Amino acid sequence: MKIRLNKAHFPVNGLGPGRRIGLWFQGCSIRCKGCASLDTWGLRPETTVDADKVVEWCQAHLDEGANGITVSGGEPFDQPEGLLYILEKLRGGGDREKVKPFDVLCFTGLHFSNVEKNHPDILSLLDAIVSEPFAQSSPTSKYLCGSENQVLRILNKKWQALYHADGSEGPSTKHIDISVLSESVYLSGIPREGDLGKLLDAMKARGVSLGKVSWRE
C-alpha cells in the first residue's frame, strides 16, 4: 500500500493533547481560501511512501511514549484506502485490546455528514475529529478549530476528559510548534488571525528571512 505523505513529525504539541505523532497527507481537493498549508494541496507523486513504513515509524514512537496521533493534510479523506490501512494496522487489526491505548485525532475539510455517509469504517477507528471547510472570514478562538464553523467532535467517550469535553477547564490559548530541519522551518498548530504575519515580522526583526512559505502561492 502506497500513500502520499507531506511530512511526519514527532513530537507535535499544538494539534491535540499531549506529545503527539503528526501525519500530514499530501493532496487536497477542497482547497479552502486562506489555507496555511498550500504546500499540501498538489498531488506531488514524489511524496509517495510505503504505508507500512509509516506504520512502523508511528509504532516506534508510540512504544517510546507518544500519547496520540494527529492526522491532517492536505485532505486525509482524499486517500481513504491509505488512511484506513494505516489506522487498522496501528489499531492491531481492529482489536484495540492488543495495543497500548492512544487516541487518534483527524482534521478534515469535509462536512461531518459526508464522512458519516461515505467513510464509516474510518470514523470507527478515530477518537476525535475536527470537520467542516475552513472559513477565512470567520476566525475563532475555539480549541483545535481554525474557523468558527468548524467543530471538534469526541467520538470515543473514553477520551472526553483528555479533550476537556467533560466540561473541565481546557486550553485557553492556541500555540504553534516550530521545528527546524536542514534549511527548512516547519510550523505545526492552528494559527490565530494575524499570527503568521507576526511571525514573519519577528523573524525579520532578528535578521532571519524566509523564502517560499506554505501559506502563500
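Return the loop-located GluC sites (Glu not before Pro) in the range 62-151 (DSSP other than H, G, I, E, B) with at most 15 other Cβ atoms within 10 Å of their own Cβ; answer none if there are none.
Those satisfying the criteria are 64, 148.
Where does each of 107, 112 land when they are ranked from fewest to most other beta-carbon atoms within 10 angstrom?
112, 107
Which residues in the range 64-82 place their backbone N less than 17 Å from a point set 7 Å from the Cα of residue 2 along the Cα-to-Cβ direction?
So the set is 79-82.
Mind sorting 115, 71 by how few other Cβ atoms lie within 10 Å of their own Cβ, fewest first?
Fewest to most other Cβ atoms nearby, the residues stand as 115, 71.
Quick check on the exposure proxy: order 147, 188, 209, 124 from fewest to most C-beta atoms within 10 angstrom.
Ranked by crowding around the Cβ, least crowded first: 209, 124, 147, 188.
Rule-based calculations on the coordinates, nothing more; no lab input. Because the structure is predicted, anything quoted here is derived from the model rather than measured. Every residue, glycine among them, receives a Cβ derived from its backbone with ideal geometry; neighbour counts consider all protein chains shown.
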